[in-house]
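One structure below.
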Amino acid sequence: MKNILGLILILGSLFANGQLFQSTTSKISFLSDAPLEDIYAESKKSKSVFNAAEKKIVVLMKPNTFIFKNPMMQEHFNEDYIESDKFPKATLNGDIIGDFDIKNDGSYPVTVKGVLKIHGVEKNREIKGQILVKDGKVSVEAKFAIQVADHGIKIPSIKIKSIAEVVEVTVYIEYQEVVSK
């Protein structure tokens, strides 16, 4: 994945003409809203490259960077469910569908159509979100649901009332322009 991000940065800087951005700040969180218990975790450690000229985005995060209020939940998440030692990376690599103008302030509804890889399982996804431009700063935000079984994450039947089969994911990433030399 590091190679993909590097390649996008190199190629993008050659052809983008001020249209290539890398993440500076991010927050990816999820909520498992189950009958017995809500489980919330967030990570502020993802990396992303956004090529506005090519309408492409790549996001890389390490699931073990999710922080939980309860350390025991964090341990179970990493060891029993997401198996972060075995599957240390989650990625999204997609094309942005929709019109936007990074030179003009606004909120632009878009859809990312691409591949989401979690727990070693790739799934084609269409994720609705927005590109936000304000005072020359560019960011993206999205909220979407993931069925954990789609990514090979197994929930024991004894835990079904404590852990939701569908989790809500919220993404917010701020970018800065990559200046080519």
Scanning the stretch 40-56 residue by residue, the ones that are crowded, with 20+ Cβ neighbours inside 10 Å and assigned to a strand (DSSP E or B) total 5
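Report yes if Asn124 is outside any strand (DSSP E or B), among the polar types (S, T, N, Q) and exposed (fewer than 15 other Cβ atoms within 10 Å of the Cβ), otherwise no.
The answer is no for Asn124.
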Looking at (1) modelled with pLDDT of 95 or more; (2) touching a strand residue (DSSP E or B) at 6+ places or on another chain (Cβ under 8 Å), which is the one condition that is false for Val121? (2)
So, Val110, is that one surrounded by 15 or more Cβ atoms within 10 Å (Cβ to Cβ), of a type in the set (Val, Ile, Thr), within 25 Å of Phe68 (Cβ to Cβ) and in contact with a strand residue (DSSP E or B) (Cβ under 9 Å, 6 or more places away or on another chain) or not? no
Test for Ile131: is it buried (at least 19 other Cβ atoms within 10 Å of the Cβ) and over 21 Å from Lys27 (Cβ atoms): no
Hey, does the stretch 150-171 have a residue that's out of contact with any helix residue (DSSP H, G or I) (no Cβ under 9 Å at 6 or more places or on another chain) and within 21 Å of Lys55 (Cβ to Cβ)? yes
Kindly indicate whether any position in the stretch 144-154 is at pLDDT 95 or above, closer than 22 Å to Thr25 by Cβ and surrounded by 13 or more Cβ atoms within 10 Å (Cβ to Cβ). yes
Within the stretch 118-134, count every residue that is out of contact with any Lys or Arg (no Cβ under 7 Å at 6 or more places or on another chain) and either without any contact (Cβ under 8 Å) to a residue 24 or more places away in the chain or within 18 Å of Phe50 (Cα to Cα) (or both). 11
Every residue in the stretch 102-118 that is among the charged types (D, E, K, R), out of contact with any Asp or Glu (no Cβ under 8 Å at 6 or more places or on another chain) and at pLDDT 95 or above, please. Lys117
Residues of the stretch 154-176 being β-branched (Val, Ile, Thr), assigned to a strand (DSSP E or B) and touching a residue at least 24 places away in the same chain (Cβ under 8 Å), in sequence order, are Val167, Val169, Thr170, Val171, Ile173
For Ser84, the lone unmet condition from (1) buried (at least 19 other Cβ atoms within 10 Å of the Cβ); (2) out of contact with any Gly (no Cβ under 8 Å at 6 or more places or on another chain) is (1)
Asp99 vs. criteria without any contact (Cβ under 8 Å) to a residue 12 or more places away in the chain, within 19 Å of Lys137 (Cα to Cα) and more than 18 Å from the chain's Cα centre (by Cα): yes
Is one or more of the residues making up the stretch 57-70 at pLDDT below 95, surrounded by fewer than 16 Cβ atoms within 10 Å (Cβ to Cβ) and out of contact with any strand residue (DSSP E or B) (no Cβ under 6 Å at 6 or more places or on another chain)? yes
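The values are calculated or read from the model by the stated rules, or taken from the named source; none is laboratory data. Everything numeric here is computed off the predicted structure, so don't read it as measured data. Virtual Cβ from ideal backbone geometry, glycine too; neighbours counted across all protein chains shown.
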